[in-house]
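Take a look at the structure below.
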Amino acid sequence: MEIFRALGALIEPPVTAEQSERLRIARTLNLAASESDLPADDTYTDLFLFQLYPYASVYLDAAGMMGGEARDRIAGFLRALGATQTQEIDHIAFLLAAYADLAAGDGDPGTVDVDPRRFKARKALLWEHLLTWIPCWLQALRRLGPPDYYLRWADLLEAALRREANRLGAPGELPLHLRQAPDVASPQTGATDNAFQGLLAPVRSGMILVRNDLRRAAHDLGLGLRAGERRYVVEHLLRQDAGSFLSWLEDEASHWARFWGGESWLGEVSIWWRRRAEECRETWRSEEADD
Amino acid sequence: MTEHTVNENLDRLERRLSAAKAEVEARGETFYPGASRIHLASFPPKEHWDDWIELDSTSWPNRTEKRYMLVPTTCFNCESACGLLAYVDKESMQVRKFEGNPEHPGSRGRNCAKGPATHNQIVDPDRILYPLKRAGARGEGRWRRVSWDEALDDIAARIRKALQDGRNNEIMYHVGRPGEDGFTERLLAQWGVDGHNSHTNICSSAARAGYQFWCGMDRPSPDYARARVIFLVSSHLETGHYFNPHAQRIMEAKKNGAKLIVLDTRLSNTATHADHWLAPQPGSEAAIHLSIASFLIRERKYDRAFVRRWFNWQQYLQEVHPGLDVEFENFEKMLEAEYERYTFEFAATESGVSADKLRQVAQVVATAGSRFAAHNWRSAAAGNEGGWQVSRTLFFLSALLGAVAVPGGTYPSSWNKFVPKPIRLPRHPDSWNQLSWPDEFPLSMYEMSILLPHLVAEGRGKLDVYFTRVYNPVWTNPDGFSWIEMLLDEDKVGQHVALTPTWNESAFFADYVLPMGHSSERHDLHSYETHDGQWIGFRQPVLRTARERIGEDVTDTRDVNPGEVWEENEFWLELSWRIDPDGSLGIREWVESSHRPGERLTVDEFYGWIFDHSVPGLPEVAEGEGLTPLAYMRRYGAFQVTTDVGPLFLAEVPESELEDAVTDDLGRVFARGTPPEKVNFAPTGAPPGDAEGRHLAGVRIETDNGEKVLRGFPTPSGKLEFFSPTLARWGWNDVAVPTYMRSHVHPEVLGDRKVLISTFRIPVQIHTRSANAKWLDEIAHSNPLWIHPQDAEPLDARTGDLLRVETEIGHFVVKAWVTEGIRPGTVACSHHMGRWKPAGGDEHQSGQRQAMATVDLHRGQSSDGSKWHLDRLKPGGPYTSSDPDTSRIWWTDVGVHQNLTFPVHPDPVSGMHCWHQAVRVTRARPGDRYGDVHVDTAKSKQAFRDWMAKTRAAARVSPDGTRRPKWLIRPLKPTDEAYELPETAEA
């Protein structure tokens, strides 16, 4: 399972002095042939520091931000496994490395070499903390139009995850992160704050809205883009032309519902996410109707 | 692509990855680019340490690459010796910054603020760069630059003359921050001088006593990371002194669910992390421990098997209850009776912490099993008369739980520390220095250094050459004006040599000020207890190593250090060489090269020998990397000698050692076989053999697998000494088992006074050498008086108001900080600030201007000249220097020097200075100015006499005519003959 560790290492912030090590790994995985194929530091910064934060809690926690209960769940799970605790335990690189550790030395499922407890933990890590969010995160990455290097990286990670899902089989019940996720809310049903938070928290809305998406909305709708955090931008798009923006949101939710509809390999997980996106679409559509 | 094809591709990539990784790692390199930067461990891979590239932050927004050579050393700012990596700019060959060394097993790449701030210290515009010799009267502040040769020849001649005259005890070396394990002790021993004097009795004597009387080793090594319950009476250590290695493991344990119990009268940084914070009345801590012990005993929640095997209960019954049969059940009955009185209610009355809370904490302790990690170092032990019972009663809890030298428990330090055998072992001096080891303190844990001015004033001796080495007794010790009086008297101190990197209050009263290097400018080899393992850390002059890496040959550290700053090891070797030019004193041979007879030993030969011969596993690991052991240590700066040391007391004594073995009625096994070769020279007790010349090989123990001879503990009984026969036979039978002793600041003696706690400091500062560390100063530069609102209200005091704090001998004027973070009735003042320099010094005597106030230091009007005043003339503030940052200093408050107003309080058993003070706090009076200090040293002398009256002198209590039990640790051990009390004293 070294491939998970290697893919994790390549998604860590690049350091100039370690370019040769990164290239060595990338070359081994056929992701790059020379240094010029490696993305520049500012590309990394734009993708993963400004747009698509590589932390599970951002996508699985009800607040849609780093930390919170989602991170506590992951930390608790890894603590029970005796893994080293770190400040940023839900970073994708750490989770992939943890998965590699757990899978290391384990035999193929179904063989006599498999330690049942270890297998159970490995399966739980895969389904609870990786497959609950990485597939849609990879989709969001692709939508950002990153350099080919990251597209190949995403394809490879998805292929590796699919293989693991097939090998280990589907879980008996829906992952806890999803079971405990609160619904998306509209301004009609709850405080406005809660509605905006729900919209921008993927586990509640079923979709990932990054800064670029909102920029695209402004561009496509001919609206002004206010500089600020995403919530501020959304508020101002709504203020300028609520009808157009809500319609745009409906299209986005449909996109994500379609995406999840095509990810049948994830079984109940994809069904849950698809429903989340559809519910969000309906909720905000009714908002539109009420207006 | 089909699923099958995709999976085949994945399999192929997996194989390629594994092969590539194996190939890279076979070359000793790192496949993945360092530890993950997503968490805190972010380090350059070691194979890049010769050429590491980073963008130059000062060139921003331009992307300018800087190339560095990374050279490890260890921090010198507190004792724990965390690993540092110096980033040496390859263009300028100067250090640009310090970060953590990931190869260091103790600190694991992490540092506190003091580590990186080493850079401030090495570029400090006020640091001393050249040897200076006093040009006027001592203390006048006039200096002239001299050569090292002049200083060395003068000092060496003086020492040589003293040795030739048989005045060996007039040579004294007084150390603050320890450097190399045992180096100077051995050197002095070879000089034939019992002149090692340490700062221990203002630091850790009390805690050491508590531990040593139990297990023969004088420091604890809690295995925090694996503990279930952590119990700290040591917040100073965990947030100030040893902060980094301990704190990181405590937090690791907390993340794994461990419960943290903290006893601290203040809401310290450690207390803020506690699950249970108890703020007891200062001095009541041992009562709390014993109430928990009583609970464990009463409820039968202790580890009976462990207690039966490893407590010296047989000896306790024989000597304390001779009418009872020596049966374990009788011991249990007596144990219960002994501690019956220590109820939660009793402890609540003493401590002010509710009985319910104490019961709750006791129940948490009982859940720990053997995973109970407990620690006390300074803190309450250092504050109170009888404070040594704080650590002794705390270890009692560990011992009852069987939490000794097991995972998650507390190990004796010497088992978690490794001191390699040096190139040469010294002789034992044949004299006993009464100035450091007065007969009144036969059980003191190290030298009675706080008493030196008083003992000299009494005419017990004088000093011809007195070295203060990275030590500042005038400022750090209590009763600093008595030190000034001694240092000003040339009949008492013939020559004072201050070895220091920076100006300090004692150096102002020196004859020579000799500049010594900071952590990146000197050699030291050391090891400290940080976890259940043994490691060595190598401090080295990084520019010397950097230059050697590029092929230059550096033979003297002065060649690479700034100015003429030297390192101590080369200094001491050279001084020894000059003391004995013809070899007639037996010193020269000790510092002579084996490789080049007739030449002085070099540091490369010195350390090369140690690493080649004395560190198990190092030569093999070094060879694996194609390096010599010395080159390996220069490259990585640390080596893990072993991990998981485990319970060494359970090691079975081999048959071969049990030749002619006899077992006494206590189960001690004495034998004539050859004991195992000593590999680890970490200090431990040295229990005596039997009268027929056999050595104590072990103890006979009934184990689960039958009776065996096990190694046991280095105590006279070979067991954990619940009952200390040493205490009992040396005059302290009344406190020979873990006991609560009322402090000298017990509420019953306080009257209308309050307890002043001074045994803590802000974690970003050290005692003396960080005064010009600008990053640290900006964070912490003052030490206001913590006072509870209930105590502030009657004084109508608000934060920032001036208060006068009166001690037995004088007073100081300080600002109030009104806070609920302190127990009512108690005030507290951090000891990390209040630096000063006398007005009027010449251009050489700059002081440390970032944190020193300028003062008028003078004697007042009194017939005996005993009234001293330190009046503040000028606070801190900006100034112009080679560092533009000094003109940006925005603070003027540099704190108050409170220690000057404390008389000596030597604990009659441990010798510890009992720091807590009974004080009166009032509003400042008209004319009082912030920072003023006034003291009457006549009152200091009276306090000295009062406390000396509490002692039980060896001449009165020694059971065998010696000055001190020989088995107790002593940094430098004289000959057996020197241990004998003089006949007049015995009479």
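So the values come out like this:
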| read-out | value |
| --- | --- |
| Residue count for the range B:634-663, restricted to those that are at pLDDT 95 or above, under 28 Å from the mean Cα position of the chain (by Cα) and hydrophobic (A, V, I, L, M, F, W, C) | 5 |
| Residue match in the range B:272-295 (condition: under 30 Å from B:Gly109 (Cβ atoms), crowded, with 22+ Cβ neighbours inside 10 Å, within 22 Å of the chain's Cα centre (by Cα) and away from chain A (no Cβ under 14 Å)) | no |
| Condition met for A:Trp137 (in contact (Cβ under 8 Å) with a residue 24 or more places away in the chain, assigned to a helix (DSSP H, G or I) and either over 20 Å from B:Glu3 (Cβ atoms) or in the same structural domain as A:Trp256 (by TED's automatic domain parsing) (or both)) | yes |
| Which listed residue is more than 12 Å from the chain's Cα centre (by Cα), at pLDDT below 95 and in a helix (DSSP H, G or I), from A:Ala165, A:Ala159, A:Ala170, A:Ala121 | A:Ala121 |
| Number of positions in the range B:342-367 that are outside any helix (DSSP H, G or I), touching a residue at least 24 places away in the same chain (Cβ under 8 Å) and out of contact with any strand residue (DSSP E or B) (no Cβ under 8 Å at 6 or more places or on another chain) | 3 |
| Answer residue from the range B:506-525, given it is part of a helix (DSSP H, G or I) and hydrophobic (A, V, I, L, M, F, W, C) and is nearest to the chain's Cα centre (by Cα) among those | B:Ala507 |
| Restricting the range B:935-987 to residues that are touching a strand residue (DSSP E or B) at 6+ places or on another chain (Cβ under 8 Å) and at pLDDT below 95, the residue that is nearest to B:Val813 (Cα to Cα) | B:Pro971 |
| Residue in the range B:37-48 that is buried (at least 19 other Cβ atoms within 10 Å of the Cβ), touching a strand residue (DSSP E or B) at 6+ places or on another chain (Cβ under 6 Å), among the aliphatic types (A, V, I, L, M) and at pLDDT 85 or above present | no |
| Residue among B:Ser866, B:Ser846, B:Ser882 that is surrounded by 14 or more Cβ atoms within 10 Å (Cβ to Cβ) and closer than 21 Å to B:Gln121 by Cβ | B:Ser846 |
| Subset of the range A:3-16 [surrounded by fewer than 20 Cβ atoms within 10 Å (Cβ to Cβ) and under 14 Å from B:Phe31 (Cα atoms)] | none |
| Test: residue in the range A:46-54 that is at the interface with chain B (Cβ under 9 Å from one of its Cβ atoms), crowded, with 18+ Cβ neighbours inside 10 Å, in contact with a strand residue (DSSP E or B) (Cβ under 8 Å, 6 or more places away or on another chain) and not aliphatic (A, V, I, L, M) | yes |
| Selection from the range B:776-800 of residues that are on the phi < 0 side of the Ramachandran plot, at pLDDT 95 or above and surrounded by fewer than 17 Cβ atoms within 10 Å (Cβ to Cβ) | B:Pro789, B:Gln790, B:Glu793, B:Pro794, B:Leu795, B:Arg798, B:Thr799 |
| Candidate set from the range A:140-152 (those that are out of contact with any Pro (no Cβ under 7 Å at 6 or more places or on another chain), assigned to a helix (DSSP H, G or I) and under 21 Å from A:Arg211 (Cβ atoms)); member that is farthest from the other protein chains (Cβ to nearest Cβ) | A:Arg143 |
| Answer from B:Leu425, B:Leu443, B:Leu400 - the residue that is under 15 Å from B:Ala209 (Cβ atoms) and aliphatic (A, V, I, L, M) | B:Leu443 |
| Selection from the range B:144-172 of residues that are farther than 19 Å from B:Trp590 by Cα and either in contact with a His (Cβ under 6 Å, 6 or more places away or on another chain) or polar (S, T, N, Q) (or both) | B:Ser147, B:Asn169 |
| Residue within the range B:755-763 that is more than 26 Å from B:Val909 (Cβ to Cβ) and crowded, with 22+ Cβ neighbours inside 10 Å present | yes |
| Condition broken by A:Gly224, with the remaining ones in (1) of a type outside the set (S, T, N, Q); (2) outside any helix (DSSP H, G or I); (3) closer than 25 Å to A:Tyr55 by Cα satisfied | (3) |
| Hits in the range A:33-52 - residues which are aliphatic (A, V, I, L, M) and within 23 Å of the chain's Cα centre (by Cα) | A:Leu38, A:Ala40, A:Leu47, A:Leu49, A:Leu52 |
| The range A:74-90 residues that are facing chain B (nearest Cβ under 10 Å) and on the phi > 0 side of the Ramachandran plot, paired with ones that are at pLDDT 80 or above and surrounded by fewer than 17 Cβ atoms within 10 Å (Cβ to Cβ) (beta carbon under 9 Å, 6 or more apart) | A:Gly82/B:Asn256 |
| Single residue of the range A:99-118 satisfying the filter (of a type in the set (A, V, I, L, M, F, W, C) and either closer than 14 Å to A:Arg167 by Cα or under 17 Å from the mean Cα position of the chain (by Cα) (or both)) that is modelled with the lowest pLDDT | A:Val114 |
| Residues within the range B:878-902 that are of a type outside the set (Gly, Ala, Ser), more than 25 Å from B:His811 (Cα to Cα) and out of contact with any Phe, Trp or Tyr (no Cβ under 7 Å at 6 or more places or on another chain), tallied | 9 |
| Top-ranked residue of the range A:274-289 - restricted to ones that are at pLDDT below 85 and either of a type in the set (A, V, I, L, M, F, W, C) or not in a helix (DSSP H, G or I) (or both), ranked as farthest from A:Ser205 (Cα to Cα) | A:Ala289 |
| Within the range B:808-845, tally of residues that are assigned to a loop (DSSP other than H, G, I, E, B), within 24 Å of B:Leu267 (Cα to Cα) and of a type outside the set (A, V, I, L, M) | 11 |
| Selection count, the range B:56-83, where residues are assigned to a loop (DSSP other than H, G, I, E, B) and touching a residue at least 12 places away in the same chain (Cβ under 8 Å) | 8 |
| Any hit, the range A:180-191, residues being without any contact (Cβ under 8 Å) to a residue 24 or more places away in the chain and either closer than 30 Å to A:Ala26 by Cβ or in contact with a Gly (Cβ under 9 Å, 6 or more places away or on another chain) (or both) | yes |
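Each row is one residue, and each column tells you yes or no for (1) more than 8 Å from chain B (Cβ to nearest Cβ); (2) not in a helix (DSSP H, G or I).
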residue	(1), (2)
A:Ala9	no, no
A:Glu12	no, yes
A:Ser20	yes, no
A:Leu23	yes, no
A:Arg27	yes, no
A:Ala32	yes, yes
A:Ser36	yes, no
A:Pro39	yes, yes
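The rows are residues; the columns are (1) touching a residue at least 40 places away in the same chain (Cβ under 8 Å); (2) over 21 Å from B:Tyr512 (Cβ atoms).
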| site | (1), (2) |
| --- | --- |
| B:Ala117 | yes, yes |
| B:Ile128 | yes, no |
| B:Gly136 | no, no |
| B:Arg142 | yes, no |
| B:Arg145 | yes, no |
| B:Glu150 | no, no |
| B:Ile155 | yes, no |
| B:Ile171 | yes, no |
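The values are calculated or read from the model by the stated rules, or taken from the named source; none is laboratory data. Not measured: the values here are computed from a predicted model. Neighbour counts run over all protein chains shown; Cβ positions are idealised from the backbone, glycine included.
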